[in-house]
Amino acid sequence: MTPFRYLRTATAAATLVLLGACAQPGTGAGSSPSSAPAAAPPTDGDALVLRVKQTGGFAGPEMIASRIPDLSVYADGRLIFDGPVTQQYPGPALPNVLVRTISPEQVRQLTEQATAAGVRDGTDYGQPGVADASTTEVTVTTSAGTQTVAANALREAMAEDPQLTTAQQEARAKLRTFLDGTDKLLAGSGAQPYLPETLAVVVRPYVQPGDDLPRPQPVAWPGPALPGEALAAPQKLSCVSATGDQRDAVFAAAKAANSATPWSSGGNNWAVTFRPLLPGESGCADLKAAR
């Protein structure tokens, strides 16, 4: 589980301190003074400016296919992020995806901070001696182009991991400091549930739970016929997407269900994982590249 799920209790005041600290180019964490103007973020409102996501790691194929980025920042100031979840089992059927808006100045500050923190193609984070950990991938887009870095086991690696050089440890520390700052930013007020134009659903055959577990009653599926198009053949994963009235019907049914609910469609029962599509995504094809 990513750090974004643990740090939602920071106050809005901390957010203001964070943004004030990076108000001047070259004063953000890990930066050095420079007289050169910082590269500006895109101005097209739907353009993706910054994304933080997890890839790989020890997770089931359906979870990898439906994984939501920790944070997506768009040029118009929208922050779409994976919000906190309860620890109850079974959990809610729908993920807690939230959206809030920041100012254009704050968007610019975020891109400057990311660049200052080392989000540039080729930054070396090394490979720590940790097995089965996810990789944190950070992408920033400015007028200078798109830069992406990837750090495996960014939070799990030991502070003195012998497989990491001093330079790699320093690069990882700078990236963690930047991500800690974005966590605080997400604690600001005004977050609302994110309602996507399209709701994708990762589908797999339903398997009855063991004898010692409750057997929930199937619920009639109100959306496009399951199982839909093949997504990952070896794992028997498929996918459907719903828009308009079908999307609304699926959302309404899912709010009354939970993550263990079986859904009946076409004479069979199915297990589903919901994945709200983000701006720039249009359908199940966007989930095939998940890793």
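Rule-based calculations on the coordinates, nothing more; no lab input. If you're wondering where the values come from, they're calculated on a predicted model, not measured in any experiment. Please note: Cβ atoms are built from the backbone with ideal geometry, for glycine as well, and neighbour counts cover all protein chains shown.
In whole angstrom, note down how far apart the Cα centers of the range 222-291 and the range 127-161 are. Cα centroid of the range 222-291 versus Cα centroid of the range 127-161: 30 Å apart. Compared with the dominant Cα axis of the chain, that is its longest principal axis, helix 104-116 is turned about 70°.
When the alpha carbon gyration tensor of the chain is reduced to an equivalent ellipsoid, the three semi-axes, largest first, read 36, 22, 17 Å.
Of the listed peptides 270-279, 212-221, what is their order by residue-averaged count of other C-beta atoms within 10 Å, with the highest listed first?
Numbers: 270-279: 21.0, 212-221: 11.8.
In descending order of packing, they fall as 270-279, 212-221.
Among beta bridges from DSSP that stay inside the range 196-287, the antiparallel ones total about 90%. Work out the FRET efficiency for Gln192 and Ala230 from their Cβ-Cβ distance, taking R0 = 45 Å, and round it to the nearest 0.05. With R0 = 45 Å, the Cβ-Cβ based efficiency is 0.85. Taking 0.36 nm per intervening residue step and subtracting the Cα-Cα distance, what contour gain separates Ala150 from Ala220 on full extension? The span from Ala150 to Ala220 would gain 21.0 nm if fully extended.
From helices alone, the chain scores -6500 deg cm²/dmol at 222 nm; the rule is -39500 (n - 2.57) for each run of n ≥ 4 DSSP H residues, then divide by the residue total. Comparing Tyr74, Tyr125, Tyr206 in a Gaussian network model of the chain where C-alpha atoms under 10 Å apart are linked, the largest mean-square fluctuation is found at Tyr206.
Listed peptides 114-123, 94-103 appear in the order 114-123, 94-103 once ranked by packing, highest mean of other Cβ atoms within 10 Å at the front. When exposed loop sites are taken as GluC sites (Glu not before Pro) in a DSSP loop with at most 15 other Cβ atoms within 10 Å, the longest stretch of the chain clear of them is 1-155.
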